[in-house]
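Accompanying notes for the structure given below.
The values are calculated or read from the model by the stated rules, or taken from the named source; none is laboratory data. Computed from a predicted model, the values in this text were never measured in an experiment. Cβ placement follows ideal geometry from the backbone for every residue including glycine, while neighbour counts extend to all protein chains displayed.
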Amino acid sequence: MRAARAVPAPETSRLPLLWVCTATAAAVLLHVVEVPAWVTITALGLVAWRLAAALGPARLPGGVVRVALGLLFIAAVFGQFHTLNGLVPGTALLMLMAAIKLLETRSRRDQYFVIGGALFLLLAACLYGQELAWVPLYLADALLCCSALAIVAYTPGSDDGNFQASAGAGLGTREAVTLAGRTLVYAVPLAILLFLFFPRLPGHFWGLTSGSSAVTGLGDTMTPGSITRLTASYDMAFRARFAGKPPPPDERYWRGPVLDEFDGATWKSGPQAPAEAQHLDCLSRPYRYRIDLEPTFQHWWLALDTVMGPPSVGIRYTDDYQLIAAYPVSQPVSYSAVSCTHARSLTPLSAAARLADTQLPQGRNPQSLALALRMRRRAGSDVAFVQAVLTFLRTGGFSYSLTPPPLGAEPIDDFLFHTRTGFCGHYASAFVDLMRAGGVPARVITGYLGGQRNPYDGTYIVRQADAHAWAEVWLEGRGWTRVDPTAVVEPERLYRGILDLLPSAVSVPERWVHAWPWLGAGLERWEALNGWWNDRVVGFNYRTQLDLLRKLGFRSPDLRDAGWAFAATLLAWLAWVSWQLGKGGGKPRPDRLGRAYAQLCRKLARVGLPRAPHQGPLAYAQAVIRFRPDLAARVGGLLELYAELRFGPISDRMHARSLQAFERAVARLSIRRPRAPRT
């Protein structure tokens with residue numbers, strides 16, 4: 001006799017495989033922005049291959065093909081990144097390996113491995129982006145993976161791949177999602193305890209950085225003549241929270257890169273020297289504030305002009321009052337600083353610095369050079385020369401626009417004598433060029449101007465649209481002095497943002513947000529909530545953990561105190577979970593088939609036909625027919641169908657149809673007590 005061929009698992013029980021494939025695809029899609037497109041497409045293609053094989057039209061590859069694919073993908077990832085180490089290369093490799101593993105799922109153990117890979121991909125996504133907007137997506141993916149785990153765990157059968165669908169066993173979609181959700185809810189207190197009290201190490205535990213990205217913002221070069229249209233962005237650059245009264249709007253200059261090298265068309269940053277020799281005298285009240293800086297993928301930190309020193313160890317404070325970090329800002333960073341909006345340098349300008357900040361390229365912009373020399377001869381002093389150039393800009397027919405005409409080979413001459421239309425970069429560049437031509441040390445400063453107060457949390461939001469450029473000149477007795485030539489052409493720029501002056505500079509959706517108060521209020525609420533998330537959750541580090549322990553009564557807390565606090569709260573959580581499980585003890589909630597069977601038994605008990613505890617469905621059917629022969633067709637058939645659904649071999653598709661028919665028949669069943677005979 002020929003042995004019967006074993007039926008493969010994908011055909012006898014497809015529900016677990018569908019859930020595993022869905023969880024894998026969702027985890028892959030979390031990284032669609034970070035990893036190369038070919039990695040995502042390949043991983044999703046392998047998932048589709050596994051589904052096609054389960055549904056019939058495709059065949060799974062053999063072991064040799066899977067090994068060859070694995071080696072090919074390792075080589076491809078190495079060729080893409082030149083390493084297999086790091087967050088992005090490691091994530092790409094994990095995506096491909098999890099998808100290959102999906103091609104060889106034959107048993108429950110294999111499916112556990114694939115779900116574990118999806119969970120690790122979720123963890124990698126959390127390392128990429130920790131913004132509040134991603135949290136609902138992470139929670140949904142965690143629920144999906146846990147639901148898939150429940151489906152696989154409760155599918156009847158053994159680990160050899162022959163999943164025989166035992167009737168009525170297993171979890172449906174609703175039951176699996178409910179179980180996973182309840183389990184995650186039980187885990188929330190433990191997650192909070194781990195977050196608050198698990199001993200943290202100072203610094204970055206993971207030591208991983210995100211991949212390089214390009215964002216709209218400041219750069220270390222500026223070529224105004226090459227820009228014919230400057231589009232303002234509504235994205236947030238940073239938020240600032242002042243300890244006390246903030247500076248007025250016309251003094252909210254946020255210093256960024258300093259541009260002091262000029263080739264006649266482009267300004268760029270030169271080498272920065274340490275600022276140990278610089279001594280500043282604060283001429284205004286000092287402002288104390290905290291900045292939450294969004295990722296810029298640049299080395300500089302922004303500060304209110306002029307910052308009086310570095311905010312933390314490891315940040316370099318240069319001689320031109322910049323804050324330079326050792327690593328690019330690839331994640332949101334928070335820091336505190338002190339600034340004076342008016343300060344005076346007590347250290348004279350060195351001969352080398354004076355030479356560098358008065359240098360101009362030979363033979364470039366000759367008309368501007370001649371104009372500066374004429375104005376310098378008339379002015380006499382440096383201060384009078386500065387005022388003369390500002391008067392020329394104010395009365396010379398210049399206009400402010402984000403869509404200036406293009407400039408020629410000599411951009412400063414073309415701007416001052418022909419187009420006379422531009423934005424802050426044009427005016428700062430032309431002003432510094434004239435100052436240097438007249439022998440006054442000058443440089444271009446880029447950064448931001450202004451900031452809008454959020455009424456919901458009291459912070460000041462500075463957006464990319466607030467980007468600005470101004471000038472600094474060296475005046476004897478004053479030191480480096482801020483001069484904003486744009487302000488003499490468009491004075492309202494000091495008090496109003498670009499969106500107020502030129503609403504058409506942004507896209508239509510951003511214009512709606514700015515124009516419609518209810519949309520703007522909604523955005524402000526969201527930004528306030530996101531700020532709280534960054535401060536309290538993302539910014540929760542070793543120092544803030546020690547502050548929390550101090551508030552709880554620990555004196556001079558350290559890592560050991562955090563460990564004791566975690567152990568105590570962990571015991572409390574275990575006691576709470578035990579109490580919850582004890583409260584819900586007893587018999588587990590029956591499945592759909594069991595609930596329908598219990599309903600049938602209740603209806604029979606109400607007419608005097610209760611089921612004894614020792615009776616199975618077939619014995620119960622015989623007892624019912626013995627006392628009520630008239631119920632043989634209706635009730636006897638239902639009890640036999642229940643026994644077949646619960647204990648007999650039946651395919652998934654037939655089981656689902658028969659279960660629905662059984663539920664409907666029980667719900668419609670109506671039984672009356674027999675009438676007593678007349679005497």
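Quick rundown of the values:
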quantity	calculated
Hits in segment 616-633 (condition: surrounded by fewer than 16 Cβ atoms within 10 Å (Cβ to Cβ), under 27 Å from A656 (Cβ atoms) and either basic (K, R) or within 60 Å of the chain's Cα centre (by Cα) (or both))	G616, L618
Contacts under 8 angstrom Cβ, first residue in segment 185-200 being in a helix (DSSP H, G or I), partner surrounded by 15 or more Cβ atoms within 10 Å (Cβ to Cβ) and among the polar types (S, T, N, Q), 6 or more apart	L193/T569; L196/Q545; L196/T569; F197/Q545; F197/T569
Unmet requirement for R436, which otherwise passes all of (1) under 40 Å from the mean Cα position of the chain (by Cα); (2) crowded, with 18+ Cβ neighbours inside 10 Å; (3) of a type outside the set (G, A, S)	(1)
Failed criterion for R59 (all others in (1) part of a helix (DSSP H, G or I); (2) modelled with pLDDT under 90 hold)	(1)
Verdict on G129 being at pLDDT below 85 and over 19 Å from the mean Cα position of the chain (by Cα)	no
Residue within segment 389-400 that is surrounded by 14 or more Cβ atoms within 10 Å (Cβ to Cβ) and more than 17 Å from T421 (Cα to Cα) present	no
Filter result for the condition that a residue is surrounded by 14 or more Cβ atoms within 10 Å (Cβ to Cβ) and modelled with pLDDT under 80, over A505, A528	A505
Selection status of P366, of a type outside the set (V, I, T) and touching a residue at least 60 places away in the same chain (Cβ under 8 Å)	no
Residue satisfying all of: in segment 643-679; surrounded by 10 or more Cβ atoms within 10 Å (Cβ to Cβ) and β-branched (V, I, T); modelled with the highest pLDDT among these	V666
Residue in segment 573-592 that is at pLDDT 85 or above and not acidic (D, E) present	no
Residue tally, condition closer than 26 Å to T459 by Cβ and either modelled with pLDDT of 60 or more or buried (at least 17 other Cβ atoms within 10 Å of the Cβ) (or both), over segment 211-257	29
Listing of strands (runs of 3 or more DSSP E) fully contained in segment 271-355 that carry 3 or more residues being in the same structural domain as Q464 (by TED's automatic domain parsing) and surrounded by 15 or more Cβ atoms within 10 Å (Cβ to Cβ)	287-293, 333-339, 343-345
Filter result (part of a strand (DSSP E or B) and either more than 17 Å from C340 (Cα to Cα) or among the polar types (S, T, N, Q) (or both)) within segment 443-469	R443, V444, T446, Q452, R453, Y460, I461, V462, R463, A467, H468, A469
Residue list for segment 392-408, filter: in contact (Cβ under 8 Å) with a residue 24 or more places away in the chain, under 25 Å from R364 (Cβ atoms) and part of a helix (DSSP H, G or I)	L393
Checking G90 against (1) free of Cβ contacts under 8 Å to residues at least 40 places away in the same chain; (2) closer than 30 Å to V537 by Cα; (3) not in a helix (DSSP H, G or I), the condition it does not meet	(3)
Any pair with Cβ under 7 angstrom, 6 or more apart, that starts in segment 136-154 at a residue that is over 18 Å from L29 (Cβ atoms) and ends at one that is outside any helix (DSSP H, G or I)	A150/L171; I151/L171; Y154/G170; Y154/L171
So I498, is it within 36 Å of the chain's Cα centre (by Cα) and modelled with pLDDT of 90 or more	no
Among the candidates S368, S429, residue that is more than 45 Å from the chain's Cα centre (by Cα), of a type in the set (S, T, N, Q) and at pLDDT 90 or above	S368
Sole exception among (1) surrounded by fewer than 14 Cβ atoms within 10 Å (Cβ to Cβ); (2) modelled with pLDDT of 80 or more; (3) in contact with a Phe, Trp or Tyr (Cβ under 6 Å, 6 or more places away or on another chain) for I192, by number	(3)
Test: residue in segment 85-103 that is exposed (fewer than 14 other Cβ atoms within 10 Å of the Cβ), under 23 Å from A148 (Cβ atoms) and not aliphatic (A, V, I, L, M)	no
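To keep it simple, each residue is scored yes or no on (1) at pLDDT 90 or above; (2) touching a helix residue (DSSP H, G or I) at 6+ places or on another chain (Cβ under 6 Å).
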residue: D535; (1), (2): no, no
residue: A562; (1), (2): no, yes
residue: A565; (1), (2): no, yes
residue: L571; (1), (2): no, no
residue: C601; (1), (2): yes, no
residue: L609; (1), (2): no, yes
residue: F627; (1), (2): no, no
residue: D630; (1), (2): no, no
residue: A633; (1), (2): no, no
